[in-house]
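A quick write-up on the structure given underneath.
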Amino acid sequence: MNFTPLKTLRRTALTLAASALIITPALAHDIYIWPSYFNINAEKPTHVAVDVTASHTAFRPDFAMASNGVKVTGVDGKALRRFGPYYQGQRRASFDLPVNEAGTYGLFYQREASYFTKYKIGKRDKDKHMRANKVEAAAKLPKGARDIETRSYATTAMSFVTNQAPTTEALAPTNQGFELIAITHPSDYVTNEALQVKALFNGEPVADQTIIIEQEGPQYRKNPEALEIKTNKEGIASFTLSNGGRYLLKTNHEKVATNELADFDVTRIFYAFEVIFE
Amino acid sequence: MNKQLLLAAFIASATIATPVLAKEITVDFSLPEFSTQDYNKPYVAIWTEAQGKNDTLLLWHLTKRDEDKWLVDIRRWWRKVGRYGDLPADGVTGATKGPGEYSVTLDIGELTEFNLMIEVVREDGGRSLLRQKINSQKNQKYTLEADAEIGNVTINVGK
């Protein structure tokens, strides 16, 4: 990016934008996993196509994600060991989920914590980023680095597929770390009915957690504004959507780190779902 | 006449005076004609929604194959009844039908107060969802206005 001298205000804005771009694609982008069909009726074994991507725009594949982060939960709530061939191209990654039973399958993409250290340096207080945890950064940081902050970023993307009658085993919380739990069953998301999700940390409700919900295709709408809500004391966020279609729900949880590798631990959750027009 | 006989007559008249519980309803409706190149006969579902219990009364769909993956497209019916797999008995299901006037008599069993739901879905076409609250303890006629995929509907209870 070219930093030609401009009015101070504009330069600040540019610097901010630039610093956001320095983060690697996978972290600067939303990561999500979503099925081609959220609800099906199959008595015989069948398959549902699933895409895994990182992107700036909801439901538009931009970066292929590796298969090792994919976890599929069967209708019994246990991990499915095999889910067939995985295609990882340049821009997209996908697989065909085998659906052999009635019930709800969980689709997850999990990314373990990666560490970023930001600091300021120089007369102009330039913002810099380094892909390093707190211990590594201490050894690598240049002289005069200040306002040093290290964050760990873990990501979970999730979605659900229901064949015939819904089941809840795949929705169950693990009570480990930050989680978003579907209270209203994902196969019951219909227009103009109150839908609920719950934020948990180690199984305890997280109050005042910001949740952002964006409909597919913001690039085609006059007003692509996203919905922003917060969880209540019980950790529950309620919302009602009047448009049928696909949505991406995002929430970032940050807390003071519990080990010496970071100052803050961030968990990002991306939840893709469908709202049926009824 | 002795007293016992009088009493018996009284009980009999009391029985007659209690509300008649209709066990059948008649639904008259039409499926409109569409002059589109991509016309497919619509799926039609009629069902009851009562507290905690929903039952299919009529289901017109593609019966050629054993399983019909498109049943999901009768959105509300699928969510409220279809997905639970209690597929209705023979006589309730039937093949899809083209434009025309239809009159169907449906068995509502012991239901007294319920919502009668009618959903019509046409591939590459539209969708209509009608709802009528019904009390089967009274003989009554309900008229529902036509919608995109269904003509005027008349529901007769207890006649």
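Observations, loosely collected:
- Screening A:GLU225 against (1) at negative phi; (2) of a type outside the set (Lys, Arg); (3) surrounded by 14 or more Cβ atoms within 10 Å (Cβ to Cβ) leaves a single unmet condition, (3).
- Residues within the stretch A:146-164 that are closer than 13 Å to A:TYR105 by Cβ and not β-branched (Val, Ile, Thr), tallied: 5
- The set of residues in the stretch B:114-128 that are out of contact with any helix residue (DSSP H, G or I) (no Cβ under 6 Å at 6 or more places or on another chain) and surrounded by 12 or more Cβ atoms within 10 Å (Cβ to Cβ) comprises B:PHE114, B:ASN115, B:LEU116, B:MET117, B:ILE118, B:VAL120, B:ARG122, B:GLU123, B:GLY125, B:GLY126, B:ARG127, B:SER128.
- Every listed requirement among (1) buried (at least 21 other Cβ atoms within 10 Å of the Cβ); (2) within 14 Å of chain B (Cβ to nearest Cβ); (3) not basic (Lys, Arg) is met by A:SER36 save one, (1).
- Taken together, the criteria place A:GLU274 among residues that are within 14 Å of chain B (Cβ to nearest Cβ) and buried (at least 19 other Cβ atoms within 10 Å of the Cβ).
- Close pairs (7 angstrom Cβ cut-off, 6 or more residues apart or separate chains): within 17 Å of B:HIS61 (Cα to Cα) in the stretch B:90-115, of a type in the set (Phe, Trp, Tyr) and surrounded by 10 or more Cβ atoms within 10 Å (Cβ to Cβ) anywhere: B:GLY94/B:TRP60; B:ALA95/B:TRP60; B:THR96/B:TYR43; B:THR96/B:TRP60; B:LYS97/B:TRP60; B:TYR102/B:PHE29
- Summed over the stretch A:120-146, residues that are assigned to a strand (DSSP E or B) and in contact with an Asp or Glu (Cβ under 8 Å, 6 or more places away or on another chain) total 1.
- Looking only at the stretch B:48-70, residues that are assigned to a loop (DSSP other than H, G, I, E, B) and either touching a strand residue (DSSP E or B) at 6+ places or on another chain (Cβ under 6 Å) or β-branched (Val, Ile, Thr) (or both) come to 2 in all.
- Here A:ALA262 meets the list (1) assigned to a strand (DSSP E or B); (2) touching a helix residue (DSSP H, G or I) at 6+ places or on another chain (Cβ under 9 Å) almost entirely, failing just condition (1).
- The condition of being free of Cβ contacts under 8 Å to residues at least 12 places away in the same chain and either in contact with a Phe, Trp or Tyr (Cβ under 7 Å, 6 or more places away or on another chain) or not hydroxyl-bearing (Ser, Thr, Tyr) (or both) holds for only one of B:ARG127, B:ARG79, that being B:ARG79.
- Scanning the stretch B:41-88 for residues that are aliphatic (A, V, I, L, M), under 14 Å from the mean Cα position of the chain (by Cα) and more than 11 Å from chain A (Cβ to nearest Cβ) gives B:VAL44, B:ALA45, B:ILE46, B:ALA50, B:LEU57, B:LEU58, B:LEU59.
- For the stretch B:18-33, the criterion of being out of contact with any Phe, Trp or Tyr (no Cβ under 6 Å at 6 or more places or on another chain), at pLDDT 95 or above and among the basic types (Lys, Arg) is met by no residue.
- Any hit, the stretch B:96-108, residues being within 14 Å of another protein chain (Cβ to nearest Cβ), surrounded by 15 or more Cβ atoms within 10 Å (Cβ to Cβ) and under 12 Å from the mean Cα position of the chain (by Cα): no
The values are calculated or read from the model by the stated rules, or taken from the named source; none is laboratory data. This is a predicted model, so every value here is computed, not measured. A quick note on method: Cβ atoms are made from the backbone with ideal geometry, for glycine too, and the neighbour counts reach across all protein chains shown.
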